[in-house]
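The values are calculated or read from the model by the stated rules, or taken from the named source; none is laboratory data. Predicted model, so just to flag it, every value in this text is computed and none were measured. Neighbour counts run over all protein chains shown; Cβ positions are idealised from the backbone, glycine included. Surface areas here come from the heavy atoms of the whole protein model, side chains and all, with no ligands, DNA or RNA. Shrake-Rupley method; radii C 1.70, N 1.55, O 1.52, S 1.80 Å.
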Amino acid sequence: MLRHMLLAGVILTASIAQAETIAVIGTGNVGMALGTEFGGLGHTVIYGSRTPDAAKTAALVGKTRNASAALPAEAAAAADVIVLAVPGMATEAVAKGLGDLSGKIIIDVTNPLRFVGSPPTVTYGTDRSNGEIVQEAHSNAFVVKAFNTIGWPLMIDPPIPAPVIPLAGENAGAKKQVAEWVRAMGIDTVDVGGIYHARATEFMVVMMLNNRFTGEDKFELVFRKKQ
């Protein structure tokens, strides 16, 4: 299992060919996109849902290869890797309710966003990044901030050339493993450093959304690797 492969910040034997059990906590568009993609790569997917027996959850399980559903804490306990794909302002409470995740990789996909008014003004909803909050809640886990700078349609159908997403986290081995999975989806990555830098990627999303909703001069913010 993956938690036995991490030593001194380096993954010793993991590879994309080795299937993992991945708990995708959240069954919205992002959870659906990542769950179906990970299932398609041959991983076993357990959707963590407050209503695992609901028709909507069952439909998602049915469209995902190698999938099942359980309550969030049960899904996390059975998995090697945890994907947090919940509403950003619920991230702290959900993360703290997942039990002991020591030695596991946690992929945090969330952004702590508040929407006010119509058209909405978007503000940053916490005093530090969700990535840092999750790492503090699970100090013995390996948190990697990823996927939060692109929309869910690009996770399913990435364009060519591939979009580049930043990875932030304290463990180099965990980031390397996540990068392998991301590249298998047709998306590229760049390592931006420690989990502190998760806040920069989350703030970037605030700026992009405000531009989308109310900005007069439209722009796009993308990561590119230096050649």
Förster radius 30 Å - calculated FRET efficiency between Ala93 and Ile156 (Cβ-Cβ, nearest 0.05): 0.60
The chain, accessible area per residue, ligands and nucleic acids excluded (1.4 Å, Å²): 47
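What size of dipole, in debye to the nearest 20, comes out for region 110-171 about its Cα centre when the only charges are +1 on Lys and Arg C-beta atoms and -1 on Asp and Glu C-beta atoms?
Working: 3 positive and 5 negative charges, 28 e Å.
It comes to approximately 140 debye.
Order of 52-63, 97-108 by packing, highest average Cβ count within 10 Å first?
Numbers: 52-63: 13.6, 97-108: 20.9.
With the highest mean Cβ count within 10 Å placed first, the list reads 97-108, 52-63.
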Full-extension gain in nm, Ala54 to Arg128, via 0.36 nm per residue minus C-alpha separation: 23.2 nm
Of all DSSP beta bridges in the chain, antiparallel share, percent nearest 5: 25
Per-selection Rg to Rh, the chain - Cα, Kirkwood hydrodynamic radius: 0.95
Sorted peptide list for 66-78, 154-166, criterion being average Cβ within 10 angstrom, highest first: 66-78, 154-166
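For the chain, with only Lys/Arg (+1) and Asp/Glu (-1) charged at the beta-carbon, what is the dipole magnitude about the Cα centre, in debye rounded to 20?
In debye, rounded to 20, the chain gives about 220.
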